[in-house]
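The values are calculated or read from the model by the stated rules, or taken from the named source; none is laboratory data. This is a predicted model, so every value here is computed, not measured. Methodologically, a virtual Cβ is constructed for each residue, glycine included, from the backbone with ideal geometry; neighbour enumeration extends over all protein chains shown. In case anyone asks, the SASA skips ligands and DNA or RNA and just uses the protein heavy atoms, side chains included. Shrake-Rupley method; radii C 1.70, N 1.55, O 1.52, S 1.80 Å.
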Amino acid sequence: DLALRQEVQDRLSWRPMKVLVVDDDGYSRKLITYVLEDAGHRVVSAEDGQRGVEVWKSEKPDLVLMDLMMPVMDGHESALRIKDAAGQNFVPIVFMTALSEDRAMVHCLEVGDDFLPKPVNLVMLQAKMKVHERNLELNRQVLEQNKELAYFRAKVSAEFDMTHGPVVKTVDME
């Protein structure tokens, strides 16, 4: 069974993700954890936004599913702190919320990357996981290409300096 799962993952170039589920509702947290683990993902969880930030810092998950309204620290504040701690690394945050008015949805997208209405539709959850997995892979490819470009730029610059001498710019201070 494990070999078959690996073969399917290889064929689809699918990579299981580490997912942080942050929700103060224990039933929702366990249900989402079960669905994600059944799909092959590794799940870590937290019961409030403050704990979510702590778990994110220690576990560095690929994606965060975050309840918007929680005690101790709400999802919006928690997402801001995670994004700040992530720096230039892309960390998709998908808010889960029972709020349905447009203003609440816009609020979710100001800091997060997507949202799921509560109760969470498990088919939509799986579809959004696939979309964000593709986004993460594209982001990884861009970062890798940027590293390669920086390497080649440094190499060309070093070769130029060896053949033509270093370029010195003078600044006129007048």
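Which angle from 0 to 90°, rounded to the nearest 10, does the C-alpha axis of helix 2-11 make with the longest principal axis of the chain?
Tilt relative to the chain: about 50 degrees.
Once both axes come from the Cα atoms, what is the angle between helix 26-38 and the longest principal axis of the chain, in degrees from 0 to 90, rounded to 10?
60
Determine the relative contact order of the chain: mean sequence separation of Cα pairs under 8 Å and six or more apart, normalised by residue count, in whole percent.
Numbers: 204 pairs, mean separation 27.1, N = 174.
Once divided by the residue count of the chain, the mean separation gives 16 percent.
Rounded to a whole number, what % of the accessible area of the chain do carbon and sulfur atoms account for, probe 1.4 Å?
Numbers: 6210 of 11300 Å².
Heavy-atom surface of the chain belonging to carbon and sulfur, 1.4 Å probe: 55 percent.
How far is helix 49-59 tilted off the main Cα axis of the chain, in degrees rounded to 10, range 0 to 90?
Taking the Cα atoms of the chain, the angle to 49-59 is about 50 degrees.
Take the residue pairs LYS57/LYS155; LYS83/LYS155; LYS83/LYS128; LYS130/LYS155; LYS30/LYS57; LYS128/LYS155 and return only those whose Cα atoms are more than 30 Å apart. Mind dumping the intermediate values first?
Numbers: LYS57/LYS155 35 Å; LYS83/LYS155 33 Å; LYS83/LYS128 19 Å; LYS130/LYS155 38 Å; LYS30/LYS57 21 Å; LYS128/LYS155 41 Å.
Those over the limit are LYS57/LYS155; LYS83/LYS155; LYS130/LYS155; LYS128/LYS155.
Would you calculate the separation in nanometres between label points at TYR34 and ASN146, each defined as 7 Å from the Cα along the Cα-to-beta-carbon direction?
4.0
Counting only heavy atoms of protein chains, what accessible area per residue, in Å², does the chain have with a probe of 1.4 Å? Provide the component values of the computation, followed by the final result.
Working: 11300 Å² over 174 residues.
Here the residues of the chain average 65 Å² of exposed surface.
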